[in-house]
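Visitor: Structure in structure tokens, see below.
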Amino acid sequence: MPFLNPDDIVREAQIREGMKVADFGSGAGFRVIPLARAVGREGKVYAIDIQKEMLEVVHAKIKDANLLHAETIQGDLEKPNGSHLKNDLLDHIVIANILFQVADKSAVAREAFRVLKPKGTTSVIEWEKMKGPLGPPIEHLADKTAVKDIFSSAGFTWEKEFYAGEHHYGLLFRKP
């Protein structure tokens, strides 16, 4: 499988009914619908992106799927309180394919730490740092060791690595 199926994120992160989850950098919402189905109507999913146009696409998908316990938030994850979420709110955060796009990767990790409940988890899925026909320029990519250092510096504990497709890696972190 060349790319990670969003249902695999649900499985690897042990997303369950009633959880509160955010998709940091949700883009067009590839992961939002599977996350919303996994948390059920008693849970909540926040799709956060800086691009208003992407959030409009996500909102339409949420409405079409009748998953009204998911909501979109326009936010800048590199700024303090950029997600616009409360402290210690979430059970899990998905951060997929956005670290290569941001200048301040540490700010994204700090924002995730702020909004995550104690014992909450974060899945980081990023492009492998290798040359090839797919993906962003290699100089924009962060390897696994760098990402582990960034999230450890923000206060996270690294839990495990998981398969995220042929071109990506997946890392699971926990807030103590």
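Computed from the coordinates by the stated procedures, all read-outs in this text should not be read as laboratory data. If you're wondering where the values come from, they're calculated on a predicted model, not measured in any experiment. Using ideal geometry, Cβ is built from the backbone for each residue, glycine included, and neighbour counts are taken over all protein chains shown.
Visitor: Hand me the trypsin sites (Lys or Arg not before Pro) from the range 1-73 located in a DSSP loop with no more than 15 other Cβ atoms within 10 Å, in residue order please.
Guide: Here the sparse-neighbourhood loop sites are Arg16, Arg41.
Visitor: Return the long-range amide H neighbours of Asp23 (sequence gap of 5 or more, or a different chain), with a cut-off of under 5 Å between placed amide H atoms.
Guide: Distant-sequence amide H within range of Asp23: Tyr46, Ala47, Ile48, Val94.
Visitor: A further question follows. Counting pairs of alpha carbon atoms under 8 Å apart in space and at least six apart in sequence, what relative contact order in percent does the range 13-134 give? The partial results should precede the final answer.
Guide: Numbers: 242 pairs, mean separation 30.8, N = 122.
For the range 13-134, the relative contact order is 25 percent.
Visitor: Would you mind calculating the gained length between Asn5 and Glu159 on full extension (0.36 nm times residue separation, minus the Cα-Cα distance), in nm to one decimal?
Guide: Values: separation 154, 0.36 × 154 = 55.44 nm, distance 2.06 nm.
Using 0.36 nm per residue and subtracting the Cα-Cα distance, I get 53.4 nm.
Visitor: Placing +1 at every Lys and Arg Cβ and -1 at every Asp and Glu Cβ, with all other atoms neutral, what dipole size does the chain have around its Cα centre, in debye to the nearest 20? Kindly include the intermediate steps, with their values, before the conclusion.
Guide: On the way: 24 positive and 25 negative charges, 107 e Å.
About 520 debye.
Visitor: Under 10 Å, Cα contacts only: if you run a Gaussian network model on the chain, which one of Asp23, Asp49, Asp64 comes out with the highest mean-square fluctuation?
Guide: Looking only at Asp23, Asp49, Asp64, the biggest GNM fluctuation is shown by Asp64.
Visitor: With respect to the cross-link table entries Lys20/Lys175; Lys86/Lys119; Lys44/Lys79; Lys148/Lys175, which display a Cα-Cα separation exceeding 18 Å? Let's see the in-between values first.
Guide: Numbers: Lys20/Lys175 15 Å; Lys86/Lys119 16 Å; Lys44/Lys79 23 Å; Lys148/Lys175 13 Å.
Result: Lys44/Lys79 exceed 18 Å.
Visitor: With +1 assigned to the C-beta of every Lys and Arg and -1 to the C-beta of every Asp and Glu, and no other charges, what is the dipole magnitude of the range 1-101 about the Cα centre in debye, to the nearest 20?
Guide: 200 debye
Visitor: Once you've got the GNM for the chain with C-alpha springs shorter than 10 Å, pick whichever of Asn66, Asn81, Asn97 has the biggest mean-square fluctuation.
Guide: Asn66
Visitor: Now a separate question. What length, rounded to one decimal in nm, is gained on full extension from Lys144 through to Gln74, with 0.36 nm per residue of separation minus their alpha-carbon distance?
Guide: Roughly 22.4 nm would be gained on extension.
Visitor: What does the convex hull of the Cα atoms of the range 6-174 come to per residue, in Å³, rounded to a whole number?
Guide: Convex hull of Cα atoms, per residue: 104 Å³.
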